[in-house]
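Quick notes on the structure that follows.
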Amino acid sequence: ADTACKNRPLDLVFIVDSSRSVRPEEFEKVKIFLSEMIDTLDVGERTTRVAVMNYASTVKVEFPLRTYFDKASLKEAVSRIEPLSAGTMTGLAIQTAMDEVFTEEMGTRPATFNIPKVVIVVTDGRPQDQVQDVAASARTAGIEIYAVGVDRADMQSLRIMASEPLDEHVFYVETYGVIEKLTSKFRETFCAVNVCALGTHGCQHVCVSNGASYLCDCYEGYTLNPDKRTCSAVDTCAPGRHECDQICVSNNGSYVCDCYEGYTLNPDKKTCSAMDMCAPGRHDCAQVCLSNDGSYSCGCYEGYTLNPDKKTCSAADVCAPGRHDCEQVCVRDDLFYTCDCHQGYTLNPDRKTCSRAIMSSLVTTEESCKCEAIVALQDSVTSRLEALSSK
């Protein structure tokens, strides 16, 4: 398990030459090579799928990509493969792979999955058909071809088959006895070291494997700094970056919306509505609260005036100059007033203006008698005082 690829799923097809030039013991070496290759792969339905084709003058699909999804079953199937022992129709084998193996019906995953399609051709001879055009068509169809030559294999034919760059896709060994050495070569090719798993990458947030290299990335709401390793929070409250109606509050790479005083955040968490500042408990006006677009001011009932604290009220002096319409005297009565006149004047019917009083010249009989009595008393007192003084 420690040697398995973990980071590159493949749809991998082995095309193995079993023509008469490959002796039975040599073909057994090829089967060992296939088994060891399977051991290095992360085999599974969702990871690397493996198919094996056997060819000589005819082509046999030993098993397609859809058949086995575990290593034990694959290796057991490989062990049962028998050589065909005639011809070397390499071109026919590649064409058959395109027509019969690299299809969704046979287990190849859809193009939208972006799973690499890979062929490894193992041969010890020269193709007896036109392999060049067929290999070119396969490469155009997105199939990556590796050519492994053994012993008498024709190097020019290998290079015609293989994908570019050739020095990474063409391999050669002197005998089938050492073909197993190629296992490590293919492991390096298919299983580039995942430097992100080594813990030495130095990325502050996210390490993205890129073949044998890596790139750093940042979590959402952050941007990569010029050092290409560390991250800084994006100013999510910069103009154009948020959807807040009034106030944007940056919050660890994200943001939340808020509202000005006197406004409340709507259920959409973005827009604001003016609060009823004159609702009970929201204001401190003594008498009257006047709502004003998210704010308020205080007022007073009629007859009262607002104190300097702009909150409480005092009864107005209704008799202060300019506040009443009495001609002479204003008499305050709590919040109201009445008019009166100076002595010698009387209040007119309009209850506001005054007129001088008219003294009557007529004296009643009763009033006249009272006067005469007073005069007689005064005379009597005077006479009495004079008599006393003469003695």
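Things worth noting here:
- Evaluating 6.51 cos²θ - 1.76 cosθ + 1.60 at θ = phi - 60° for every residue in segment 81-96, the Karplus couplings come out as 5, 10, x, 8, 6, 6, x, 9, 8, 5, x, 4, 5, 5, 4, 5 Hz, glycine and proline recorded as x.
- Under 15 Å, Cα to Cα: Lys pairs in segment 1-135, sequence gap 8 or more or different chains: 4
- Estimated vicinal HN-Hα couplings, Hz - segment 221-235 in sequence order (Karplus 6.51, -1.76, 1.60; Gly, Pro = x): x, 10, 10, 6, 6, x, 6, 6, 10, 8, 10, 10, 5, 5, 6
- Under the simplified labelling scheme, the N114-D317 pair shows an inter-label distance of 8.7 nm, with each label point 7 Å from Cα along Cα→Cβ.
- For segment 3-70, the share of accessible area belonging to carbon and sulfur comes to 48 percent (1.4 Å probe, ligands and nucleic acids excluded).
- Label zone (Y260, point 7 Å along Cα-to-C-beta; backbone nitrogen cut-off 14 Å) within segment 292-312: 292-296.
- Highest average packing first - 306-314, 216-224, 39-47, 143-151, Cβ atoms within 10 Å: 143-151, 39-47, 216-224, 306-314
- Geometric extent, Cα atoms of the chain - Rg, Dmax (angstrom): 56.6, 195
- The residues of the chain have, on average, 59 Å² of accessible surface per residue, using a 1.4 Å probe with all protein chains present.
- Surface composition of segment 109-170: carbon plus sulfur atoms contribute 47% of the solvent-accessible area (1.4 Å probe, protein chains only, all chains present).
- N348 versus A141: modelled label distance in nm, points set 7 Å from Cα along the beta carbon direction: 12.0
- Sequence-separation-based contact order of the chain, relative, with Cα cut under 8 Å and 6+ spacing, percent: 8
- R356-D325 FRET efficiency (beta carbon distance; Förster radius 22 Å; 0.05 resolution): 0.65
- A crude spin-label estimate for the pair L166 and R282, with each label 7 Å from Cα along the Cβ direction, gives 8.3 nm.
- Whole-number D in µm²/s for segment 276-316 (Stokes-Einstein; Kirkwood sum over Cα pairs; 37 °C, 0.692 mPa s): 319
- Think of it as helices only: each DSSP H run of n ≥ 4 in the chain is worth -39500 (n - 2.57), and spread over all residues that comes to -7000 deg cm²/dmol at 222 nm.
- Amide hydrogen neighbours beyond the local backbone of N348, cut-off 5 Å, H modeled: T353, C354, S355
- FRET efficiency, 1/(1 + (r/R0)^6) with R0 56 Å, evaluated for R332 and K269 via beta carbons: 0.45
- Close amide-amide hydrogen proximity is noted between N266 and T271, C272, S273, each under 5 Å apart and 5 or more residues distant or on a separate chain (H modeled in the peptide plane; Pro and chain starts excluded).
- Across the alpha-carbon set of segment 240-298, the Rg to Rh ratio works out to 1.13, Rh being the Kirkwood radius.
- In order along segment 104-118, phi translates into HN-Hα couplings of 5, 4, 8, x, 6, 7, x, 4, 5, 7, 6, 8, x, 9, 10 Hz, rounded to whole numbers, per the Karplus curve 6.51 cos²θ - 1.76 cosθ + 1.60 with θ = phi - 60° and x for Gly and Pro.
- Amide H within-cut-off set for L84, under 5 Å, with H built and near neighbours excluded: S18
- Whole-angstrom gap from segment 227-280 to segment 282-313, using each part's C-alpha centre: 32
- Inverse of mean 1/r across different Cα pairs in segment 103-195, Kirkwood, Å: 14.4
- Stretching Q132 away from R80 to a fully extended chain increases their span by 15.6 nm, per 0.36 nm per residue minus the current alpha-carbon distance.
The values are calculated or read from the model by the stated rules, or taken from the named source; none is laboratory data. Since the model is a prediction, treat every value here as computed from it, not as a measurement. Neighbour counts run over all protein chains shown; Cβ positions are idealised from the backbone, glycine included. Note: areas computed on protein heavy atoms with side chains; ligands, DNA, RNA excluded. Shrake-Rupley method; radii C 1.70, N 1.55, O 1.52, S 1.80 Å.
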